[in-house]
Amino acid sequence: MTNPQQTDPAPAVRLIFEYEGDSVRLVSQQPVDTAVSSFETDATTRPGDYVVETRDDYGKRLARVPAREAFRGSAEVFPEDQKEPITRVDVEARGAFTVIVPAPAEAVQVAVVHVDPPEREPRSEDIIGPPAEVRQDVDLATFQLER
Amino acid sequence: MTTSDGSVQGRTQIHGRAPRNRAFTVVLLGDGFTSTQQTDFNTACTNFVTALTTTPPYDKIGRSLNVWRVNVTSTDSGADDPAGAGGTGATARTYFDSTFGANNIRRLLVCNSTTVLQTAAAQVPEFTVAIVVVNSTIYGGSGGSIGTYSLASGATEIAIHELGHTAYGLADEYACYACTSGETGHDVHPTGEPTEPNVTQNTRRDTLKWGWAVDPGTALPTMSNPNCATVDSRPSTVPAGTVGCFEGAHYYHCAAFRPEHGCKMRNLGVPFCQVCSQVIRARTKVTKNICALTPSRNAVYRYDGSGTSWTKIGGPAGQLYAGGWGLVATNPSSGDLYRYLGTPDSWQHIGSAGAQFAVTNDTVYGLTPSRNAVYRYDGSGLAWTRIGGPAGQLYAGGWGLVATNPSSGDLYRYLGTPDSWQHIGSAGAQFAVTSDTVYGLTPSRNAVYRYDGSGTSWTKIGGPAGNLYAGDWGRGLLATNPSSGDLYTYLGRPDSWRLTGSAGAQFAVASDTVYGLTPSRNAVYRYEGSGLAWTKVGDAAHSVVAGDI
Ligand SMILES: [Zn+2]
């Protein structure tokens, strides 16, 4: 087994954000004793997704977790008769969300990021190989971590 | 109407036994319950736990799931119910400001999500997902970053569907958006593979993201929508539970596919499909799930869950055993048994040497060195209880413990109290226990059988096999081909198996996928779930085991 020694568990921070449209505000940050699942830190993201990143002093990304259900401009409406379909309705994109991010000592900043927003030309699905190393993500806001 | 309209009373854990820092944690918060109505909230929470834990796959998830309730009093009972949305016009001063009638739709029940998240974080800092239970019998609920639901009959289904989005990243599998008749703009899904694990545009068998669950005999696509102007509302043309590609998903009538005809991510009141179930099983286990013993057996490593990163968690070991209860290892010289406590190099001596050990969701069982008695670990110190006489082999899993009679080879199931065993089958070359039953290989290894759950009734589910491997992933069972050694995944129906990989020295079935040791034991590989794709995740190992580690 290959193994660099590792401290366990790594520190983590819970962040709570409020958003309205694409504007976002950090409401609270709180250290939390919990393992951040690799289900979160390894989640694949696609253009249009929203994520929260931790970054070091140089702005380099350390970890990224999905901000599921955040910035969503629709709400689900559930039928009382379960044979009827569940439907969606457009709503104002406004609310709050929370994530827990791994926060090693070098993490000094968090950013709420809109991944490769869809305004641009979509990349062809047929292109094989890694995407060009062009940063296409948009930072909606960045915040300092209180350490 | 603000937090001045009530107060937070405190938190109570109502389900689960997972260590708090390694648990999937649901927090239920009450709104519109006055100080004298808190027992109503408590009852609603109990009902939620019952609804959740009887919904597959949560019924077999075991100890990873913790549920807490946070009691919050409100000045008034109920929630706002605006007349403009067809409600009674009632208003209620409540802590989280719950109101029906959002967007003029009475059933759309929303509240102040910032206050909900802040309250949940203050009370149960490690929570995974927060759900607000609103004290009203009007039907309603909503999803998003938090879930809400009312006390109306069937509304817990809303919360369970919403958990699918918030906690597991599952997509909606329904094939329309507003779903009005004549809906436009939702005929054909735009090009671009969705991120979510349960919807796709790709129906190629060798690259399908849920390819692991598809029988080679199932057509792909399995059902195509003949008219993209509308939702295909035909009943399924294949037996219920068939996994394939069914057209119509992710808000579009065509060009997006879902894994089964029915799923709780498509309609309330029906089970989750196999693909969503697998995502839920894998995610709900926050613990790591694979360990390896080095080739010289001088150290135990735990896989960190991604890349090729492993953490050394212990020194020399003779043998590893793992399961839902955790990981145990024998001391290579004394044979004494040690339990891993969850942090590297932290192990507890729990017993003396045995001929064999087996781990269930609840504890570890051992066979004495002379195989003349079976013991159960009591859970603390070095205390064990004798639960049975002589046995040949022990096999354990989420379903429980089984043992063979040392002379006849007959199979017995332990019923939970000392010396209480039920004869459930005759001798076999090998057995394997999953979360819901036990599988056996005939003495000549010419057929695989599944125990039906009562008496001594078994059903043949496959032909000749070399070895059986059981665990949490998928339907729980894999088997090797007796001549080639190739690995096959059982798909839940007799004779429905799928080639999953080539031969290996040993396999371990975890909650997320299956891991294998190469024939020469020089590397550990992980199955990627699609086609025959495996990824190297570690170097040489003596053995690998899977469990909640
Ligand atoms: Zn599904």
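The values are calculated or read from the model by the stated rules, or taken from the named source; none is laboratory data. As the structure is a prediction and not an experimental result, all values here were calculated from the model. All Cβ positions, glycine included, derive from the backbone under ideal geometry; neighbour counts span all protein chains shown. Surface accessibility is based on the protein's heavy atoms, side chains included, excluding ligands, DNA and RNA. Shrake-Rupley method; radii C 1.70, N 1.55, O 1.52, S 1.80 Å.
Quick one: plug the Kirkwood hydrodynamic radius of segment B:17-96 (C-alpha pairs) into Stokes-Einstein at 37 °C, 0.692 mPa s, and report D in µm²/s. In µm²/s, the coefficient is 227.
Dividing the mean sequence gap of close Cα pairs (under 8 Å, 6+ apart) by how many residues chain B holds gives a relative contact order of 10 percent.
Setting aside same-chain residues fewer than 8 positions from B:LYS460, which aspartates and glutamates have a Cα under 12 Å from its Cα? Output for B:LYS460: B:ASP452, B:ASP495.
Taking Cα centre as origin and charging only the Cβ of basic (Lys, Arg, +1) and acidic (Asp, Glu, -1) residues, the dipole magnitude of chain B rounds to 1440 debye. Once you place label points 7 Å from the Cα toward the Cβ at B:THR88 and B:THR456, how far apart are they in nm? Each label point is offset 7 Å from its Cα along the Cβ direction, giving 6.2 nm. Applying a 4.7 Å Cβ-Cβ cutoff to chain B leaves B:CYS45, B:CYS111, B:CYS245, B:CYS276, B:CYS291 as cysteine residues with no disulfide-compatible partner. Dividing the convex hull volume of the alpha-carbon atoms in segment B:3-166 by its residue count gives 96 Å³ per residue. A P(r) calculated from all alpha carbon pairs of chain B, with 10 Å bins opening at zero, reads 4, 16, 24, 24, 18, 10, 3, 0 percent. Here the label points at A:THR44 and A:SER23, each 7 Å from Cα along the C-beta direction, are separated by 3.6 nm in the simple model. Annotation: amide H-H contacts under 5 Å for B:GLY351 (H modelled 1.01 Å from N, sequence separation of 5 or more, or interchain): B:LEU337. First check a/c for segment B:294-423, with a ≥ b ≥ c the square roots of the eigenvalues of its C-alpha gyration tensor; if it is under 1.5, answer rounded, and if not, answer prolate when a/b is larger than b/c or oblate otherwise. Prolate is the answer for segment B:294-423, as a/c is 1.5 or above and a/b outweighs b/c. For the pair B:HIS423 and B:SER530, the difference between a 0.36 nm per residue extended length and the Cα-Cα distance amounts to 34.6 nm. Its Cα gyration tensor gives the protein assembly as shown an equivalent ellipsoid. The semi-axes, each the square root of 5 times an eigenvalue, are 42, 29, 27 Å from largest down. With unit charges on the beta carbon (Lys/Arg positive, Asp/Glu negative), name the residue among B:CYS263, B:ALA44, B:ALA505 whose Cα is farthest towards the positive pole of the charge dipole of chain B. My answer, from the dipole projection, is B:ALA505.
Dipole of segment B:1-94 computed with +1 at Lys/Arg Cβ and -1 at Asp/Glu Cβ about the Cα centre; of B:VAL70, B:ASN21, B:THR94, farthest Cα towards the positive end is B:ASN21. Tell me the carbon and sulfur percent of the accessible area for the protein assembly as shown, rounded to whole percent, probe radius 1.4 Å. C and S fraction of accessible area: 48 percent. Calculate how steeply helix B:113-123 sits against the longest principal axis of the alpha-carbon atoms of chain B, using the helix alpha-carbon long axis, and give the answer as 0 to 90 degrees to the nearest 10. For helix B:113-123, the angle is close to 40 degrees.
Straightening the chain between B:HIS349 and B:ALA219 buys 41.5 nm, computed as 0.36 nm per residue apart minus the Cα-Cα spacing. Phi-derived couplings, Karplus 6.51 cos²θ - 1.76 cosθ + 1.60 at θ = phi - 60°, listed residue by residue for segment B:260-267: 10, 4, x, 6, 5, 7, 10, 9 Hz, with x used for Gly and Pro.
For the protein assembly as shown, the antiparallel share of DSSP beta bridges with both residues in that region comes to about 85%. Scanning residues 5 or more positions from B:GLN506 or on other chains, those with amide H under 5 Å from its amide H are B:LEU517, with H placed 1.01 Å from N in the peptide plane.
Peptides B:78-87, B:264-273 ranked from most to least packed, by the mean per-residue count of other Cβ atoms within 10 Å: B:264-273, B:78-87.
Take the Kirkwood radius over Cα pairs of segment B:287-546, plug it into Stokes-Einstein at 20 °C and 1.002 mPa s, and you get 115 µm²/s for translational diffusion. In order along segment B:331-348, the Karplus-derived 3J(HN,Hα) couplings, from 6.51 cos²θ - 1.76 cosθ + 1.60 at θ = phi - 60°, round to 6, x, 9, 7, x, 4, 9, 10, 9, 6, 9, x, 10, x, 6, 10, 10, 10 Hz, and Gly and Pro are given as x. When the helices of chain B are scored as -39500 (n - 2.57) per DSSP H run of n ≥ 4 and the total is divided over every residue, the value at 222 nm lands at -3000 deg cm²/dmol. B:ALA240 label point, 7 Å along Cα→Cβ, cut-off 16 Å on backbone N: hits in segment A:72-91? It comes to A:82-84, nothing else. The angle separating the long axis of helix B:38-53 from the principal Cα axis of greatest extent in chain B is about 50 degrees.
Of the two radii for segment A:13-115, the radius of gyration is 1.05 times the Kirkwood radius, both from the alpha carbons; that is the Rg over Rh value. Positive-end ranking of A:ALA67, A:VAL138, A:LEU15 along the dipole of segment A:12-144, with charges on Cβ about the Cα centre, is headed by A:LEU15.
Buried area at the A:B interface is about 4800 square angstrom, summed over both chains, from accessible surfaces computed with a 1.4 angstrom probe.
Taking Cα atoms only, the orientation of helix B:274-284 departs from the longest principal axis of chain B by about 80 degrees. Counting Cβ atoms of other protein chains within 10 Å of each residue's Cβ and taking the mean over peptide A:57-63 gives 0. Counting 0.36 nm for each residue step from B:ALA178 to B:SER306 and taking away their Cα separation leaves a gain of 42.2 nm. Computed over the alpha carbons of segment B:169-286, Rg followed by Dmax gives 13.5, 44 Å.
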